[in-house]
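To keep things clear, I will list the structure first and then write my remarks on it.
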Amino acid sequence: MHIEIPLERFVDFYRLVALGKLIQGLVHNLNGPLQNLGMDMEMMEHSLRSDNRIPAELSESFAGRLNRMEGEFDHITRLIKSASMRIDPEGDFLQYGTIKAFLVQEISFLYSNLYFKHNVQKDIDLPADLPRLDCFSRDILLSLCWLIQSVVEGMESGEANRFFMTGKSLSSALELSLVVEGTTVGTSYKDTLDEEMDPSGSLQVQDALGMRTLLAILRLYGVSAAFSREPTRFEMTLLIPFRYNPLS
């Protein structure tokens, strides 16, 4: 495949790389303060429960608040740990978890898109027996993350109100379907029609992380894509090959 990248788009790639390095440093420097906060909360909880000078009602009230804080703290810690594993070029997050947990967490990351968070009903139907992450290549998973984000970013212009994600394991691949429904959804994703993307031809990159670019990258790793588009509905079905048979 031949890819033509205008200088402006190349600068976009450079900015994304620079942003990734910045986030990597930020995540690394958050670990220490978070550990200190966790230990302080544990000490406060112990003091509240063991200090007889504190009235029981007050102790229980503060203990309840601390429990909620610990829950939020654990959630933040898990997100940061997951993000740090993904952006570490030397790390291997593939040994952790399943593709289901990975995709569910990816959707939670995309709540930063406020339209998606507040205006779109989300239905994630992924069976528990989906394979482990190490059944897939790292590059496929990272490209898949960006592809899902690209789908989400097109929702507002199409006045989308529903998003479905379904998946199932086949003999040698994962079948993953993304469906978006809304008032003018069909026009939002017109550039993703299969006949508009010829893998053997030249790809004009107009967006560093555009859907066409990401699908072209996924095809290089053996991923196939099929589309269905109607005025109020768009569906993309991906067949993502396993690196090896998860049942072997």
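Throughout, read-outs are computed from the coordinates displayed, never taken from laboratory work. This is a predicted model, so every value here is computed, not measured. Counting neighbours? That spans all protein chains shown, and the Cβs are built from the backbone with ideal geometry, glycine included.
Of the Cα atoms belonging to region 97-241, the radius of gyration and Dmax stand at 14.5, 40 Å. Residues ARG78, ARG53, ARG233 in ascending order of nearby Cβ atoms (within 10 Å, fewest first): ARG53, ARG78, ARG233.
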